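Report on the structure given below.
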Amino acid sequence: MVRGYTTIEQSRKLAEILPIESADMGLYYSSNPNAARNQMWVGTKAENANIPCWSLAVLLSILPNSIYDNTDEYSQLEFSKISVAYHDMNGGIKLGSIKDNLVDACYEMIIKLHEKNLL
């Protein structure tokens, strides 16, 4: 499945971690009175959204090019179609995420960086 933005669950979690202003999209409940309350649609504006949402482009811009912690320097950010990883200076993967699509991989990496206070 090709997707260019975060899911509802991912969006809710990122809203706890990232500034809401960084969201460039939004998930909206349908305003149609004949539609079910749980019917949602995604819009390209975050203002007044029921749930803020992040595009792949914004997720990539949030990830730092390199990171440093108290014990090691992580080298350049590397990503491909399904993986995102930080390597140590010897080329070993120090922190990584492999998912079915790049949005999920970026989401998981942001969660990992947040948990390690590296974001």
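Just so you know, all these numbers are worked out from the coordinates, no wet-lab data involved. Since we're looking at a predicted model, the values are computed, not measured. In this analysis, Cβ positions are derived from the backbone assuming ideal geometry, glycine residues included, and neighbour counts consider all displayed protein chains.
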Part-to-part distance (alpha-carbon centres) for the range 1-29 and the range 56-70, which is given in Å: 17 Å
Extending each Cα 7 Å along its Cβ direction at Ile98 and Ala57, get the distance between those two points in nm, one decimal. 3.0 nm
